[in-house]
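*Asks:* One structure coming up, written as structure tokens, with questions to follow.
The values are calculated or read from the model by the stated rules, or taken from the named source; none is laboratory data. Predicted model, so just to flag it, every value in this text is computed and none were measured. Note that each Cβ is placed from the backbone with ideal geometry, even for glycine, and that neighbours are counted across all protein chains shown. These accessible areas exclude ligands, DNA and RNA; they are computed on the full protein's heavy atoms, side chains included. Shrake-Rupley method; radii C 1.70, N 1.55, O 1.52, S 1.80 Å.
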Amino acid sequence: MTNEDSDRAAIRELVCRYCRGIDRLDMDLVRSCYHDGAIDHHTGFDGPVEEYIAWVEPKLRGFDGTMHLVANHLVEFAGSRALSETYGMAVHWGAPSGSARMNFTSGFRYVDLVERRDGEWRILERYASREWTRSDANLFMPREGPGPAGRRDREDYVYRLRSRLITP
């Protein structure tokens, strides 16, 4: 694997860590994806990352859940900086089930200027554009039976299993 390949993989993982943080309401994980002084441009928000996190967390808590799916990912390198463009879809659900504002899927693009500092890639500036949105109102069904169910906090099983990587 070349350095460019490993850097590309690290940048894709950065995007996936951000999505995990958003979906699990782990704002510390979200924050760790940005360099100090980073700027975020989202639908409805434009400003410093600290203000973005304070803005987005209560909005996310208003949903019963979200799921971000990462698709196409392109990276252009220029030394210790890179331009990352990620396509994806984000599903949002909540009550009431008939509310289009609480139940929708969006196609998005993250266009990120990222920088490697001390061997770690993080976001300097992000444009998160909502390319399209469709209503999923009244489309969600109850679970068909017992089984694993994700949580939107650090009690989710991904964190439990992750802790077992460190302590056998």
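*Asks:* Checking Ser97 against (1) without any contact (Cβ under 8 Å) to a residue 40 or more places away in the chain; (2) open to solvent by 40 Å² or more (accessible area, probe 1.4 Å), which test does it fail?
*Replies:* Of (1) without any contact (Cβ under 8 Å) to a residue 40 or more places away in the chain; (2) open to solvent by 40 Å² or more (accessible area, probe 1.4 Å), only one is false for Ser97: (1).
*Asks:* Identify, please: which residue in segment 120-168 is surrounded by fewer than 11 Cβ atoms within 10 Å (Cβ to Cβ) and among the acidic types (Asp, Glu) and is, among those, nearest to the chain's Cα centre (by Cα)?
*Replies:* Asp153
*Asks:* Okay, next question. Would you mention how many residues in segment 54-91 are surrounded by 14 or more Cβ atoms within 10 Å (Cβ to Cβ) and of a type in the set (Gly, Ala, Ser)?
*Replies:* Count: 5.
*Asks:* For segment 15-53, how many residues are of a type in the set (Ser, Thr, Tyr) and open to solvent by 60 Å² or more (accessible area, probe 1.4 Å)?
*Replies:* Here the count works out to 1.
*Asks:* Could I ask something else about it? Which of the residues belonging to segment 121-148 are free of Cβ contacts under 8 Å to residues at least 60 places away in the same chain and in contact with a helix residue (DSSP H, G or I) (Cβ under 9 Å, 6 or more places away or on another chain)?
*Replies:* Pro148
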